[in-house]
1. Tell me the accessible surface of E551 in square angstrom (1.4 angstrom probe, heavy atoms of protein chains only), to the nearest ten.
2. Between K209 and Q288, what length in nm is gained on full extension when 0.36 nm per residue of separation is reduced by their alpha carbon distance?
3. If each residue of separation counts as 0.36 nm, what is the full-extension length gain between M441 and R281 once their alpha-carbon separation is subtracted?
4. So if we plug the beta-carbon distance of R654 and T417 into 1/(1 + (r/R0)^6) with R0 = 25 Å, what FRET efficiency do we get, rounded to 0.05?
5. Enter the Cα centre distance for the pair segment 509-536 and segment 653-680, rounded to the nearest angstrom.
6. Using the per-residue mean of other Cβ atoms lying within 10 Å as a proxy for protection, in what order, highest first, do the peptides 211-220, 500-509 fall?
7. Of the listed pairs K502/K669; K503/K649; K209/K280; K502/K649, which have alpha-carbon separations greater than 29 Å here?
8. Report, please, the projected area of segment 574-626 averaged over directions, based on the convex hull of its C-alpha atoms, in nm².
Amino acid sequence: MAVEQNALASELGLPIEYFQMIPGGFHLCEDDPEKGYPFVYLSDRFLHILGWTRDEIAEQFGNSYAALVHPEDAQAALEPAPESNGERDCGGDRIFRLFGKHGYVYVSGAARRCTLNGRTYIQGCHNSITDFVTKGERERRQLKTLNVEGRSRSEQAEIIRAVSKVFYCIYYIDMSDYSYFDLGKTTLELDDLVGTKGNAVTAFPQVGKFLIREDYYDEFVDFTDVTKLNERIGDKTWISKQFYGMTAGWSEGLFIASDRNDDGSLRHVVWAVRTIDEQKRKELAYQQELQELAAIAQSANEAKTNFLFNMSHDIRTPMNAIMGYSQLMRKGLTDPKLLDYQDKIDRSSRLLLSIINNVLDMARIDSGETEVHEDHVRISSIPAAITDVLGADADRKGISLRYTVNVRHDHVVADVTKLNEIFMNITSNAIKYTQPGGTVMGEIDELPCDREGYALIRTRITDNGIGMSEEYLPRIFDSFTRERDTTTGKVAGTGLGMAIVKKLVELMNGTIQVESREGEGSVFTVTIPHRIAEGFFYESSQGVSPEEREEFLQGRRVLLAEDNELNAEIALAILEDIGLVVDHVEDGQQCLDRVKSEPAGTYDLILMDVQMPVMSGYEATRALRALDDGAKASIPVIAMTANAFEEDKADAARAGMSGHISKPIDVQKIEQEMVAVLSR
């Protein structure tokens, strides 16, 4: 099958024994109609009903639930039913045929959508009713030619006894005038209410009042509206609906096409009702237990995600100290050996930060919290962003790193952060696994696109490194997989990079392919459609040289709000080294008080930590924006925080902040952000 039982249990967060105990023929499928609803799990009971083995279903039916369904019953088995009680059924509780090993099998049961661990599945529980249907077909053939008034009482009783073993309420309806007669198994109370003969249009609402609980009454009346039967049954043999009764519990009502006119329209139908209370209660109990288990799994997943997010903040604070002091220390070093030590500290720190980011990215993607945040992007600017970060690594290994760009539409709308992450990961891996003196080549081309207003951009990243084996290639995008571990391969990492890349590419409606030969190198091809940008694309401050940035910032007065002593010391040293004049306060309230007490125009910019005692950075910014003095209320505020995710940037913007810098502090990035904010 597609997923082994133990892997399924691990993926869904449910014990595999739970699936074994489900009554009836239970199955779990992917909610993917284009692939024919591939099976994820099949119970032994389901296989017993059909007579197939798991391997036979995989081999003969492509592991597809849709392929098992008789073509004439595809609508009953596969098409979604209307919304019901806040849940969406798939197939509802219906009767249809599945291909069995010794001929098709009639089944009755429920198939519904469910969400487990953030994924949507189709779950179903079927029971075989082949014996009943076979007998029922004989009985319906008898009913076709039945002339009740011309039959003896003993003949009528024999027919009624055969059908009544299953149904407790049976009416035979003439569709020409909607008249009915009772086949004799209804209760005396019902006979007293609507009689043994009458008109179904008026009688069925009365039957509903007697049989059906009030909250199901409207559904019952609509379903039993015989004037709509020709449209509803169409060319099917029967249709069914489940209701909750006032005395009998759960029941199922069926309209069965007895015979038809020459034009295919219904001539006579049988309305029959049977009790399914025990079966339904087991099903509902199973649904409830499954929901509770899914809630437990979801809660555990949320706890894991929250832990990782909190860990991110807690780790970034000491990382800020390590990387900040390392940058400051370099400026005072002249000894080549010490400079080499500092360089290795810096590279190791960045690797550790990259590993932390990969783990958190994977957790966010798996929890469904990753979204695309689009803005105007220049395709031609992407190579510079990559080479700026990875160029030094390539130079150290003597690797030639080159990018070429050949596009007709340079200005597009895209999530530049995710694009950079995709190509940084691929390019970084290419550098890691390419021997000194090798080559890493990136080619960005625009392909023909049949979608109006979009540009189809293909990026190929080629290296002549160590390559990958043919056996490993199918698993390259799996989480936590590496062909060589850190010990044998001498390359550090989590094994998450390629999994993150694939998920991000798919999030942006793109595709990724990989070709590789061991000892010859690899080629990664990423193709993503981007909406073509309209209007003028502004140049960001990243185009300003370091010298121009420092000259622009010289002498500017900055108020730093930071409660952590180490972070404050590092920030003060970095900011003053840039040429800024800096005052320091320890929380949001002190920041607000300082702005109020100083004359307007004292500060050009506020650098605000987010998580501070007394008053948070968000609260302080909102209070600042509410000041009566317009000059003070409009001072630019940049969040400088260990909260580094996209929603953190959005939260900062909603609080009234003008920009966002994530810790650990990078001198170049903080200069760029301050210049961008002060230039507005």
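1. Per-residue accessible area (E551): approximately 140 Å².
2. 25.6 nm
3. Length difference between fully extended and current span is 51.3 nm.
4. Efficiency, from the Cβ-Cβ distance: 0.85.
5. 31
6. Ranking, from highest mean packing down: 500-509, 211-220.
7. From K502/K669; K503/K649; K209/K280; K502/K649, over 29 Å: none.
8. Across all orientations, segment 574-626 yields a mean hull projection of 3.9 nm².
The values are calculated or read from the model by the stated rules, or taken from the named source; none is laboratory data. Predicted model, so just to flag it, every value in this text is computed and none were measured. Every residue, glycine as well, gets a Cβ built from its backbone with ideal geometry; the counts of neighbours run over all protein chains shown. These area figures cover heavy atoms from the full protein model, side chains too; ligands, DNA and RNA do not enter into them. Shrake-Rupley method; radii C 1.70, N 1.55, O 1.52, S 1.80 Å.
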